[in-house]
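Report on one structure; see the data block that follows.
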Amino acid sequence: MLPLSVLEGMNAHIARLADGTPNAVVADVYRHFIGHGASAPEAERWYWRRSLIEPNAQGAHEIRRVWRDAIDAADAET
(Lines give C-alpha, C1' and ligand atoms only; values in the text may rest on other atoms or scores of the structure.)
Protein backbone atom coordinates (compact mmCIF):
# COMPACT_ATOMS: atom_id res chain seq x y z
CA MET A 1 0.00 0.00 0.00
CA LEU A 2 1.20 3.49 -0.80
CA PRO A 3 1.73 5.93 2.12
CA LEU A 4 -1.16 8.18 1.14
CA SER A 5 -1.18 10.13 4.41
CA VAL A 6 2.36 11.35 3.65
CA LEU A 7 1.36 12.30 0.11
CA GLU A 8 -1.79 14.06 1.33
CA GLY A 9 0.24 16.02 3.88
CA MET A 10 2.80 17.07 1.28
CA ASN A 11 0.07 18.13 -1.15
CA ALA A 12 -1.67 20.14 1.57
CA HIS A 13 1.62 21.90 2.35
CA ILE A 14 2.16 22.75 -1.33
CA ALA A 15 -1.41 24.10 -1.57
CA ARG A 16 -0.83 26.31 1.50
CA LEU A 17 2.39 27.65 0.00
CA ALA A 18 0.65 28.42 -3.27
CA ASP A 19 -2.25 30.12 -1.47
CA GLY A 20 0.26 32.47 0.17
CA THR A 21 2.21 33.15 -3.02
CA PRO A 22 0.98 35.86 -5.39
CA ASN A 23 0.24 34.64 -8.93
CA ALA A 24 0.72 30.97 -7.99
CA VAL A 25 -1.74 28.34 -9.23
CA VAL A 26 -1.74 24.68 -8.22
CA ALA A 27 -2.24 21.92 -10.79
CA ASP A 28 -3.60 19.34 -8.33
CA VAL A 29 -3.20 16.07 -10.22
CA TYR A 30 -3.44 14.04 -7.01
CA ARG A 31 -6.91 15.35 -6.17
CA HIS A 32 -8.05 14.96 -9.79
CA PHE A 33 -6.99 11.29 -9.81
CA ILE A 34 -8.87 10.32 -6.62
CA GLY A 35 -11.37 7.61 -7.51
CA HIS A 36 -9.47 6.41 -10.56
CA GLY A 37 -6.97 4.03 -8.96
CA ALA A 38 -6.81 0.29 -8.34
CA SER A 39 -10.19 0.14 -6.58
CA ALA A 40 -12.05 1.79 -9.49
CA PRO A 41 -13.69 -0.28 -12.23
CA GLU A 42 -11.09 -1.01 -14.91
CA ALA A 43 -12.72 1.33 -17.46
CA GLU A 44 -12.35 4.21 -14.96
CA ARG A 45 -8.70 3.58 -13.97
CA TRP A 46 -6.18 6.15 -15.07
CA TYR A 47 -3.11 4.10 -14.16
CA TRP A 48 -1.11 1.60 -16.13
CA ARG A 49 -2.17 -1.90 -15.10
CA ARG A 50 1.40 -2.99 -14.19
CA SER A 51 2.24 0.03 -12.04
CA LEU A 52 0.07 1.87 -9.52
CA ILE A 53 1.97 5.11 -10.05
CA GLU A 54 2.30 5.28 -13.85
CA PRO A 55 -0.58 6.89 -15.76
CA ASN A 56 -2.12 5.07 -18.71
CA ALA A 57 -3.15 6.97 -21.87
CA GLN A 58 -6.30 8.32 -20.20
CA GLY A 59 -4.28 9.28 -17.14
CA ALA A 60 -1.75 11.16 -19.29
CA HIS A 61 -4.63 13.00 -20.94
CA GLU A 62 -6.05 13.90 -17.51
CA ILE A 63 -2.66 15.24 -16.36
CA ARG A 64 -2.60 17.41 -19.48
CA ARG A 65 -6.10 18.63 -18.66
CA VAL A 66 -5.15 19.59 -15.08
CA TRP A 67 -2.09 21.49 -16.33
CA ARG A 68 -4.14 23.23 -19.02
CA ASP A 69 -6.82 24.24 -16.51
CA ALA A 70 -4.12 25.64 -14.20
CA ILE A 71 -2.60 27.64 -17.06
CA ASP A 72 -6.02 28.96 -18.05
CA ALA A 73 -6.73 29.95 -14.42
CA ALA A 74 -3.39 31.76 -14.19
CA ASP A 75 -4.09 33.60 -17.47
CA ALA A 76 -7.54 34.62 -16.23
CA GLU A 77 -6.02 36.19 -13.10
CA THR A 78 -3.67 38.45 -15.05
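The values are calculated or read from the model by the stated rules, or taken from the named source; none is laboratory data. Treat the numbers as computed from the prediction; the structure is a model and nothing was measured. FYI the Cβ positions are ideal-geometry reconstructions off the backbone, even for glycines, and counts take in every protein chain you see. What goes into the accessible areas is simple: the full protein's heavy atoms, side chains included, and nothing from ligands, DNA or RNA. Shrake-Rupley method; radii C 1.70, N 1.55, O 1.52, S 1.80 Å.
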For Arg68, state whether it is surrounded by 11 or more Cβ atoms within 10 Å (Cβ to Cβ), without any contact (Cβ under 8 Å) to a residue 24 or more places away in the chain and either in a helix (DSSP H, G or I) or not hydroxyl-bearing (Ser, Thr, Tyr) (or both).
-> yes
Only one of these conditions is not met by Ala18: (1) without any contact (Cβ under 8 Å) to a residue 12 or more places away in the chain; (2) closer than 30 Å to Glu77 by Cα; (3) open to solvent by less than 40 Å² (accessible area, probe 1.4 Å); (4) not in a helix (DSSP H, G or I). Which number is it?
-> (4)
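Just to verify a result, which residue in segment 47-64, among those that are in a loop (DSSP other than H, G, I, E, B) and either open to solvent by less than 50 Å² (accessible area, probe 1.4 Å) or small (Gly, Ala, Ser) (or both), is farthest from Gly9 (Cα to Cα)?
In the first step, residues of segment 47-64 are kept if they are in a loop (DSSP other than H, G, I, E, B); the result is 48-54, 56.
Next, from what is left, pick out any that are either open to solvent by less than 50 Å² (accessible area, probe 1.4 Å) or small (Gly, Ala, Ser) (or both): 51, 56.
Details: Ser51: 23, Asn56: 25 Å.
In this case the residue turns out to be Asn56.
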Every residue from segment 21-59 that is without any contact (Cβ under 8 Å) to a residue 12 or more places away in the chain and under 19 Å from Asp72 (Cβ atoms) = Thr21, Pro22, Ala24
Search result, residues across segment 25-46 that are outside any helix (DSSP H, G or I), open to solvent by 40 Å² or more (accessible area, probe 1.4 Å) and of a type in the set (A, V, I, L, M) = Val25, Val26, Ile34, Ala38
